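Structure first, commentary second.
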Amino acid sequence: MLETKLRGDDVEITSDLRDYINQHIKTIDERFNMNIQGTAHVDLMNYSNERIKADITIVLPNFLLRGEGNSNDTHKSIDIAIHDIKQQIDIYGSKVNEELTEHGKNLAFKDPKSQLTESKIVRKKRIPLQKMTAEEAIIQMNLIGHDFFVYIDVSDDRTDIVYRRHDGDYGLIKTDR
């Protein structure tokens, strides 16, 4: 069962909008086995260019699902994000269930019809993790011409990742221990 947490950044969360979101989250929840507990974080953001971004992240015990929608209409943005998540379940559901079974965990999805062809690792690489700041990691990432870079943050000794976003900006993934 998914618990829904809504947050609006310059978007008013009306009861009608809350109902609309809950109705759509329910369609995703129906794809999970009964024993799956998780949280659907729904963030709605209103940008100055009158675009509404819906960012939906479903946090489950063994994995995450994420969908993002961006349009001039709140409902359409939500629809796009929900569609992204359903598509991920359709493509990767069987593979996720296989991996969970191999590790002795309960199946996540009800009878997914996976469209995923067999994944295979075609190249392996070893890199030495270096201590540096996020800014230094971005420079290093650009120097080697990659879209991401893994490093150890000097401030907290955690393994972090910087990456180039589709909009040309950069993102930072902080890891938990």
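The values are calculated or read from the model by the stated rules, or taken from the named source; none is laboratory data. Since this is a predicted model, take the numbers as computed values, not measurements. Side chains are part of the model used for accessible areas, which takes the heavy atoms of the whole protein and leaves out ligands, DNA and RNA. Shrake-Rupley method; radii C 1.70, N 1.55, O 1.52, S 1.80 Å.
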- [ ] Rank these residues by their accessible area, most exposed first, probe 1.4 Å: 99, 3.
- [x] 3, 99
Open item on the list: Please compute the contact order of the chain in relative form: average sequence separation of alpha-carbon pairs under 8 Å and at least six residues apart, divided by the residue count, as a percent.
Closed with: 12 percent
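Just list whichever of 5/26; 5/53; 53/76; 95/120; 53/110 have alpha carbons separated by over 20 Å in the model shown. Before the final figure, lay out each step's value.
On the way: 5/26 13 Å; 5/53 16 Å; 53/76 10 Å; 95/120 12 Å; 53/110 29 Å.
Check vs 20 Å cut-off fails for 53/110.
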Open item on the list: Can you tell me the length gained on complete extension of the stretch residue 103 to residue 76, counting 0.36 nm per residue apart and subtracting the Cα distance?
Closed with: 5.9 nm
Open item on the list: Just the number please: accessible area per residue for segment 9-98, 1.4 Å probe, all protein chains included, in Å².
Closed with: 53 Å²
Open item on the list: Whole angstrom only: what separates the Cα centroid of segment 132-152 from the Cα centroid of segment 4-63?
Closed with: 32 Å
Task: Antiparallel DSSP beta bridges within the chain, percent to nearest 5 - done: 75 percent
Task: Computed lengthening from residue 16 to residue 140, 0.36 nm per intervening residue step minus Cα-Cα distance - done: 39.9 nm
